[in-house]
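**Student:** Pasting in a structure now, in structure tokens, and then I'll have a few things to ask.
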Amino acid sequence: MSKKYALARALAAALIASTLLAGLASASGGSSKGKEKGEEGAEAETSARSMDAPYLAVPVVRDGTLVNYLFVSIRIEIAQGVDLWQTRERAHFLRDALVRASHANDLSNPNDPNGLNDARAIEVYRAAAIQALGEQAVGGVSIVATYSSQGSGI
């Protein structure tokens with residue numbers, strides 16, 4: 001395979017993936033219609049003190065063979081009393097730690113190659129966030145969305 005063909009194929013795959021993921025992001029985005037004023041304010045305050053890590057690629061390996069990728073979006077709440085801007089300056093370290101954790105640990109559901117082991121994933125991502133940001137900075141860790149490359153949105 002020529003380098004030109006390989007590059008074109010990689011670019012096409014990246015374009016397809018970004019299109020699918022952009023569609024997932026817009027499909028999972030909620031509307032604030034129908035919410036009471038207090039609910040909107042609480043939601044805005046929560047999201048203002050959080051850092052999102054969208055589309056972490058989680059390989060699914062069975063018997064030594066890569067069978068799937070899960071794309072996981074998570075939200076990390078920043079604890080009260082911690083300088084939010086200093087913490088956000090470390091976002092690149094956080095992303096690196098989360099990507100490494102996604103590849104170093106088996107986060108898939110052992111019974112379903114399209115499923116995520118949510119409890120294990122939260123445990124692993126919390127540890128990675130603490131490593132990158134410090135224990136005092138990390139509040140809650142939650143899974144926002146999961147998507148399987150085999151087409152099963154979860």
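**Student:** Can you pull out every residue in region 57-109 that is in contact with a Lys or Arg (Cβ under 9 Å, 6 or more places away or on another chain), of a type in the set (Asp, Glu) and either part of a strand (DSSP E or B) or over 24 Å from Gly151 (Cβ atoms) (or both)?
**Tutor:** Selection gives Glu77 alone.
**Student:** Pick from Gln131, Gln136: which is out of contact with any Ser or Thr (no Cβ under 8 Å at 6 or more places or on another chain), of a type in the set (S, T, N, Q) and surrounded by 15 or more Cβ atoms within 10 Å (Cβ to Cβ)?
**Tutor:** One residue alone meets the criteria, Gln131.
**Student:** List the pairs whose first member sits in region 131-154 and is assigned to a helix (DSSP H, G or I), whose second member is hydroxyl-bearing (Ser, Thr, Tyr) and at pLDDT 90 or above, and whose Cβ atoms are under 8 Å apart, counting only residues at least 6 apart or on separate chains?
**Tutor:** From residues that are assigned to a helix (DSSP H, G or I), the pairs are Leu133/Thr87; Ala137/Thr87.
**Student:** So, Asn109, is that one in contact with a helix residue (DSSP H, G or I) (Cβ under 8 Å, 6 or more places away or on another chain) and either at pLDDT 95 or above or surrounded by 15 or more Cβ atoms within 10 Å (Cβ to Cβ) (or both) or not?
**Tutor:** Judged against the criteria, Asn109 is not a match.
**Student:** Something else now. Can you tell me which condition Asn114 does not meet? The list is (1) farther than 17 Å from Arg49 by Cα; (2) buried (at least 20 other Cβ atoms within 10 Å of the Cβ), and all the others hold.
**Tutor:** Unmet condition: (2).
The values are calculated or read from the model by the stated rules, or taken from the named source; none is laboratory data. Fair warning: this is a prediction, and the values are worked out from it, not measured in the lab. Here the Cβ is made from the backbone with ideal geometry for all residues, glycine too, and neighbour counts use every protein chain on show.
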